[in-house]
Structures are given as structure tokens and as C-alpha cells.
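Following: one structure in C-alpha cells, then a few remarks.
Since every read-out is calculated from the coordinates, none of them should be taken as a lab result. All figures in this text were calculated on a predicted structure; none of them were measured in a lab. Quick reminder, even Gly has a Cβ in these numbers, built from the backbone with ideal geometry, and neighbours come from all protein chains shown.
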Amino acid sequence: MKSFNYYDLLELFAQPETGCAICARLKVETERYLTALLYEYSVDFATHQNFRAARGLCNVHAWQMIHTREGLINVAVLYEAAVDEALTLLSQMTAPTPRNRLGRMFGSGEGEALAAKLTADQPCLCCQMVSQAEQRYFEALVDGLSDPRFVEAWQQSDGLCLPHLIGVVRAIKDPARLTVIVNRQKVIWTKMKAELGLYILRYGASGNDEAMGD
């Protein structure tokens with residue numbers, strides 16, 4: 001039985017101008033996760049503990065959560081916990097003591113110790129989710145290459161971005177499946193290179209930054 005991830009990819013492969021199908025699915029899953037984080041887990045004790053340990057979300061996902069423009073009070077609730085954790089760690093720093101000449105020469109390591117405490121104990125919660133989801137889509141794509149219908153859809157797709165192509169080819173053990181992936185990607189990148197060359201030839205001399213199109 002095929003996974004939901006398999007059918008998600010199959011559907012996206014058939015849609016024109018989707019771009020990397022894995023990127024498209026991760027965008028949806030990230031939005032879904034952040035919504036759940038705000039509305040379902042913002043008062044959950046375990047989530048608060050993990051949010052503290054991660055020192056909040058990474059920069060990218062923090063801004064993405066704020067730009068949802070929804071549940072901002074829950075954003076504040078979560079980040080109050082993260083800021084409280086950071087403030088607590090700063091407050092635990094002992095007052096500096098006079099150091100002898102040797103100490104001044106080689107340092108006391110106080111800054112390193114504080115930096116180690118402030119460093120997150122675990123990755124951004126959303127990054128963890130994205131990493132797990134990526135692996136599921138890698139597996140679904142590799143598994144799908146055994147299905148002629150899936151292969152046909154892949155042959156009509158926009159291919160993958162470089163990071164996700166790397167993830168997929170690393171997961172492939174069968175040379176025949178690897179060839180299917182590589183051949184399609186070569187077609188896409190060959191076309192892309194030609195389009196870039198044409199754009200440079202057409203607008204490079206004039207210096208006009210015209211929008212790129214078909």
C-alpha cells in the first residue's frame with residue numbers, strides 16, 4: 001500500500017510550474033505545523049519545555065510564524081518561555097573575580113561556559129519536523145520509482161531542487177532508479193541553462209533587468 005506522501009508527490013508532478021515537489025509539500029507541512037503549534041500546543045507543558053530547550057524557533061521559522069498574523073498571543077506565550085530560559089541562564093553567571101596575571105593571559109573560560117549554556121539543547125522544533133518530513137518524501141519518491149505510473153509522472157515534472165535531489169539520490173540503492181532520476185534532472189537543467197544563456201545574450205549588453213519568462 002502506497003503512503004499519502006507518494007500520492008502527494010504523484011499529484012504535484014502532474015501540476016505545471018510546481019517547481020520542486022518536495023519543497024512544495026514541505027511548505028504546506030510547515031504552515032500546518034506552525035498553526036498546530038500556535039493553536040494546539042501553545043499551552044502544552046512538554047511543548048513549552050522543548051521550546052525552552054530549543055531557545056525558540058530558528059530565524060526562518062520564527063518569522064514565518066509571526067507572519068501568519070494569527071494567534072499572536074500564543075506566539076508571545078511560547079516566546080515568553082524561551083526568553084525566560086535565556087534570562088535564567090544569564091542570571092546564573094557568577095560575578096567576575098579579579099584574576100592574576102596568568103588568568104588574564106590565558107582567560108578564565110567564563111565566556112565559553114556561558115556560551116555553552118546559552119546554546120540550544122535541541123534544534124528548532126519546526127526544523128525537526130521538516131527534517132523528518134523530508135526523509136518521508138525521499139523514501140516515498142524512491143519507492144514510487146517501482147511504479148510505471150509514478151515514473152511517467154516524474155518524467156513530466158519540474159524535477160527537484162539541488163538539496164532535495166541530493167537527498168533522493170543518497171537514498172537510492174538501485175542503479176536503474178538512479179538513472180530515471182538523473183536523466184529527467186539533466187533534461188530540466190539543460191533547458192534551464194539554455195534559458196539563462198538566452199537571457200544573458202538578450203539583455204546582458206543593455207544592462208536591463210527584464211523579468212525572465214518562457
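With the cut-off at 27 Å, tell me which of the pairs K2/K27; K2/K173; K27/K117 have Cα atoms farther apart than that.
Values: K2/K27 22 Å; K2/K173 19 Å; K27/K117 32 Å.
Exceeds cut-off: K27/K117.
Size descriptors for the stretch 164-206, from the alpha-carbon set: Rg then Dmax equal 15.2, 48 Å.
Working from Cα pairs under 8 Å separated by at least six residues, relative contact order for the chain is 31 percent. Remark: E17, E112 ranked as E17, E112, counting other beta-carbon atoms within 10 Å and listing the fewest first.
Would you mind calculating the gained length between M1 and E152 on full extension (0.36 nm times residue separation, minus the Cα-Cα distance), in nm to one decimal?
On the way: separation 151, 0.36 × 151 = 54.36 nm, distance 1.91 nm.
Result: 52.5 nm gained on full extension.
Pop a pseudo-label 7 angstrom from the Cα along the beta-carbon direction at both W189 and D174 and give the gap in nm to one decimal. Placing both labels 7 Å beyond Cα along the Cβ direction yields 2.3 nm.
Per residue, the chain reaches -22000 deg cm²/dmol at 222 nm when only DSSP H runs of four or more residues are counted, each adding -39500 (n - 2.57). Between T88 and R202, the distance separating the two model label sites (each 7 Å from Cα on the Cα→Cβ line) works out to 5.9 nm.
Over the chain, what number does the Rg to Rh ratio reach, with both radii from the alpha-carbon atoms and Rh per Kirkwood?
Values: Rg = 24.1 Å, Rh = 21.3 Å.
That ratio equals 1.13.
Think of the chain as a dipole: +1 on every Lys or Arg Cβ, -1 on every Asp or Glu Cβ, centred on the Cα centre; then among H61, Y7, A176, A176 lies furthest on the positive end.
Legend: helices of the chain (whole DSSP H runs) are marked when their alpha-carbon atoms reach 18 angstrom or more along the helix axis and their mean Kyte-Doolittle hydropathy is at least 1.0; marked are 72-91.
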